[in-house]
Every structure is written in C-alpha cells, then in structure tokens.
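Student: A single structure is presented below for examination.
Every number here is computed from the coordinates shown, using simple stated rules; none is lab data. This one's a predicted model, so the numbers in the text were calculated from it and none came from an experiment. Neighbour counts run over all protein chains shown; Cβ positions are idealised from the backbone, glycine included.
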Amino acid sequence: MTGAVAGSDGKLRCPWAMSAPEYVDYHDTEWGRPLTTDDAMFERLSLEAFQSGLSWLVILRKRDGFRKAFAGFDLEAVARYGAGDVERLLADTGIVRNRAKIEAAIGNAQAALALDGGLLHHVRSFAPRGRRKAPKVLGDVPAESPESQALAKDLRKRGFRFVGPTTLYALFQATGLVNDHLADCHAR
C-alpha cells in the first residue's frame, strides 16, 4: 500500500503521478479540479472513454491531437460529425484510432445535447454527497461507487457508450466531484 510520495521538488503527491512529467503536471494543475462548462465535461468524458484499456499517459500525450480532431470538444460541432469525419479520425495519428470509441464520442455528443440542464449538471447530479474520509494509501481509493454505477446505468439508457462505472468514477475523480488525492498529498 503506497501513500503520498515526495517529488524532486519535495512536494508530496499521489504515487500514480510520479512516473512521468506529464502526470506530475496533470496531477498538480488539473486532476480533481471542478469544471465549469458542458464542453469541458464532454472532453473529460471522451478522454476517459478513449483511455479504456490504455494508459492515461497515452491520452495525455495525445490530448492536443484529440482537441484538434474533435473541434475542441465543442458538443454541437462533434454532434454533427458524420461518416466522413469517422474516416478522417480513423486516419488521424494524433489520436487513438478506435472506430468504436470514435463513434461513441460522436453519439455521446448527440446524447449530451439532449440532456435537460446539460452534461455538466447531469453528471454533477449523480456525484457523491457529503465529505468522506481522505484516503491514506492507494488501496483506500475505490475503482467505482454506487453513484458511478447509477450514472452509468442512466447514461446508457440515454444512448451513451463507453460509460461504465469505473470510467465514470474516474471522471468523478478527474473533475473534482470526489476528492481522491491522498491525505498527505499537497494537492488535496
């Protein structure tokens, strides 16, 4: 069981963040921070889905490519993508070229636009309520929660894909809807 680890700057961080500079930057400046727009939530949801089965580091290193390929994750623009866009994206080496995930991102944009109140509000409405004890070691951090299971079920009913409870719990973590920075982590 690993607790927070000191970086070269002396700051204690969650141990998953220590293996590459991209992880350190993501951990320190973005992971666990709240979002303010539907497009930002759509980007995070899409990237979490593309990450499924891969290292998050692959996604971070291709993030600029994803942003270019998916019109900055503008929901309305991506919702209008068609078969030609799918083929264009399958040829784009700047992203993860997986047909099912590309088609899911487009379908998820369409489904997100149909949500009353928007995607950000909808995801937030399923977030865990109240404070919970700060995890001390990585083993204290769950892979999913009853809330992420409920959100997965709800989103699937609405036509979303690549939205399993583990992916959605990771989305809760990444967007500050749960605080899973370890107790001793400087970013907590």
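Student: Would you mind giving the average projected area, over all directions, of the Cα convex hull of region 90-188 in nm² with one decimal? Mind dumping the intermediate values first?
Tutor: Numbers: hull surface 31.3 nm².
For the Cα atoms of region 90-188, the hull's average projected area reads 7.8 nm².
Student: I need the per residue convex hull volume for region 107-148, using only the alpha carbons, in cubic angstrom as a whole number. Numbers along the way, then the final one.
Tutor: Numbers: hull volume 4.3 nm³, N = 42.
Convex hull volume per residue, Cα atoms: 103 Å³.
Student: Pop out the Kirkwood hydrodynamic radius of the chain from its pairwise C-alpha distances, inverse of mean 1/r, in Å to one decimal. Spell out each step's value before the answer.
Tutor: Working: mean 1/r = 0.0584 Å⁻¹.
About 17.1 Å, per the Kirkwood formula over Cα pairs.
Student: Treat every Asp and Glu Cβ in region 77-138 as -1 and every Lys and Arg Cβ as +1, leave all other atoms uncharged, and give the resulting dipole magnitude about the Cα centre to the nearest 20 debye.
Tutor: Details: 11 positive and 5 negative charges, 144 e Å.
Magnitude of the dipole: close to 680 debye.
Student: Right, another one. Based on alpha-carbon atoms only, what is the radius of gyration of region 52-104 relative to the globular estimate 2.2 N^0.38 Å? Mind dumping the intermediate values first?
Tutor: Working: Rg = 10.8 Å, N = 53, 2.2 N^0.38 = 9.9 Å.
Expressed relative to 2.2 N^0.38 Å, the Cα Rg reads 1.08.
Student: To continue, here is another question. Using the basic label-point model (7 angstrom from Cα toward the beta carbon), what is the E76 to Q149 distance in nanometres?
Tutor: Inter-label distance under the simple model: 3.9 nm.
Student: Something else now. Multiply the residue separation of R61 and R132 by 0.36 nm, subtract the distance between their alpha-carbon atoms, and state the gained length in nm to one decimal. Write down the numbers at each step before the final one.
Tutor: Working: separation 71, 0.36 × 71 = 25.56 nm, distance 3.23 nm.
Full extension of this stretch gives 22.3 nm more.
Student: With a point put 7 Å past each Cα toward its Cβ, work out how far K11 is from V141 in nm, to one decimal.
Tutor: About 1.6 nm, to one decimal.
Student: To continue, here is another question. Would you please put 37-50, 86-99 in order of how densely packed they are, using the mean number of other Cβ atoms within 10 angstrom per residue and starting with the highest? Don't jump to the answer; show the numbers that get you there.
Tutor: Details: 37-50: 22.0, 86-99: 14.6.
Per-residue mean Cβ counts within 10 Å order the peptides as 37-50, 86-99.
Student: Among the lysines in the chain, how many pairs, 8 or more places apart or on different chains, have alpha carbons under 20 Å apart? Mind showing how you got there, number by number?
Tutor: On the way: K11/K136; K62/K101; K68/K101; K101/K153; K101/K157.
Going through the chain pair by pair, I get 5.
Student: Mean separation of Cα pairs under 8 Å and 6+ residues apart, divided by the residue count of the chain: what relative contact order is that in percent? Walk me through the numbers on the way to the answer.
Tutor: Working: 258 pairs, mean separation 60.3, N = 188.
For the chain, the relative contact order is 32 percent.
Student: For the charge dipole of the chain, defined by +1 on Lys and Arg C-beta atoms and -1 on Asp and Glu C-beta atoms about the Cα centroid, which residue among W56, Y169, N108 has the Cα displaced farthest towards the positive pole?
Tutor: Working it through, the farthest residue towards the positive pole turns out to be Y169.
Student: With labels modelled as points extended 7 Å from the Cα through the Cβ direction, what inter-label distance (nm, one decimal) is found for E22 paired with E87?
Tutor: A separation of 3.0 nm, rounded to one decimal place.
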